[in-house]
Amino acid sequence: MLGRAHRMSDGRDFAATVRRGRKVAQPLLVAHVRAGTDSQTRVGLVVSKAVGSAVVRNRVKRRLRHLMRARLADLPPGTDVVVRALPQAADATSQHLGEQLDVAIARSLAGAPR
């Protein structure tokens, strides 16, 4: 579980990260990464009804939270990350989600900041 300090909860923070962050799309998810916003790294998850029923959406959210918690130490301090799950994420394994999350984060951090 992500600690309270690492959770993004304000809609304005989500919107700012999506608008000004670097976007990288993968078949299962889209990651928006915005570096240097604060001293604390924060993560927000977006899992829409297109992913599936409430049970499926909650399972995808739990998997993504767990995967992101393991990757917090690898992110530069003050990085905001919004992960949007795509409908194909409903049938994906945690390992496959993790691989695509790693690729998306690495590509977004390697690119020029906006």
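Every number here is computed from the coordinates shown, using simple stated rules; none is lab data. Only a predicted model underlies this, so the values are computations on that prediction, with no experimental measurement involved. Note: ideal-geometry Cβ built from the backbone for every residue, glycine included; neighbour counts use all protein chains shown.
Using r as the Cβ-Cβ distance of His66 and Arg19, and R0 as 25 Å, what FRET efficiency do you calculate, to the nearest 0.05? Let's see the in-between values first.
Details: r = 27 Å, r/R0 = 1.09.
Efficiency, rounded to the nearest 0.05: 0.40.
Taking Gln95, Gln26, Gln40 in turn, the Gaussian network model of the chain (Cα-Cα springs below 10 Å) assigns the largest fluctuation to Gln95.
Among Gly98, Gly11, Ala70, flag the residue with its Cα farthest along the positive direction of the charge dipole of the chain, charges on Cβ as +1 for Lys/Arg and -1 for Asp/Glu. Final value for the positive-end residue is Gly11. Helices in the chain, meaning DSSP H runs of at least 4 residues, each add -39500 (n - 2.57). Divided by all residues, the mean residue ellipticity at 222 nm is -13000 deg cm²/dmol. Each residue, Ala54 and Asp102, gets one label point 7 Å from its Cα in the Cβ direction; the gap between the two is 3.5 nm.
With the largest listed first and rounded to whole Å, the semi-axes of the equivalent ellipsoid of segment 2-114 from the Cα gyration tensor are 21, 15, 13. Computed from point charges on the beta carbon alone (+1 for Lys and Arg, -1 for Asp and Glu), the dipole magnitude for the chain about its Cα centre is near 300 Debye.
Using Cα-only point scatterers and the Debye equation, what is log10 of I(q)/I(0) for segment 27-88 at each q in 0.29 Å⁻¹, rounded to two decimals? Cα-only, vacuum Debye calculation for segment 27-88: -1.20.
Treating r as the C-beta distance of Ser39 and Gln88 and R0 as 35 Å, the FRET efficiency rounds to 0.50.
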